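FYI, it's all coordinate maths here, none of it is from the lab. Remember, it's a predicted structure, so these values are computed and weren't measured experimentally. Here the Cβ positions follow ideal geometry from the backbone for every residue, glycine too, while neighbour counts run over all protein chains shown.
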Amino acid sequence: MKKKKFFNSLYFLRRYFNIPRKKKLKWCVIREVSPSGTEFRLGVSISGADKYIDLAQRRIFSEVSCGAVERSVCPAFRISRGREFVYIASNGWKVSKPKSYIADIYRSSWWRPEIVKETLL
């Protein structure tokens with residue numbers, strides 16, 4: 001299995017976050033609204049848990065609406081376009097990321113034999 005394909009899979013994220021197989025995972029687009037503006041990010045929703053993974057922050061969050069911050073998610077499907085994956089939510093929200101995006105974030109925290117040579121500090 002190619003390394004990029006491994007990191008770009010729901011299988012990898014299930015293992016990384018130790019999510020049971022009975023919980024269905026699905027790509028999603030996250031919308032966060034705060035006083036500083038609106039931001040769209042890439043995530044993975046966890047069925048039956050009202051939780052999602054914010055991939056850039058490597059954390060599990062809940063959808064919230066509490067005055068200063070509103071976080072909501074919408075399920076999305078992923079399509080490949082050249083060097084990017086485009087995630088399109090059912091409500092029209094869209095996020096484009098390089099195909100190396102998930103690997104760039106998670107590679108340094110996933111043990112593999114090559115890490116000894118790749119890690120300088």
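Observations on the structure shown:
- Counting only residues at least eight positions apart within a chain, or on another chain, the aspartates and glutamates with an alpha carbon under 12 Å from that of Lys97 are Glu84.
- More than 23 angstrom apart: percent of Cα pairs within the chain: 34
- For Arg81, net neighbour charge (Lys/Arg +1, Asp/Glu -1) across residues whose Cβ lies under 14 Å away: +4
- R0 of 25 Å, Cβ-Cβ distance Lys22-Asp50: FRET efficiency to nearest 0.05: 0.95
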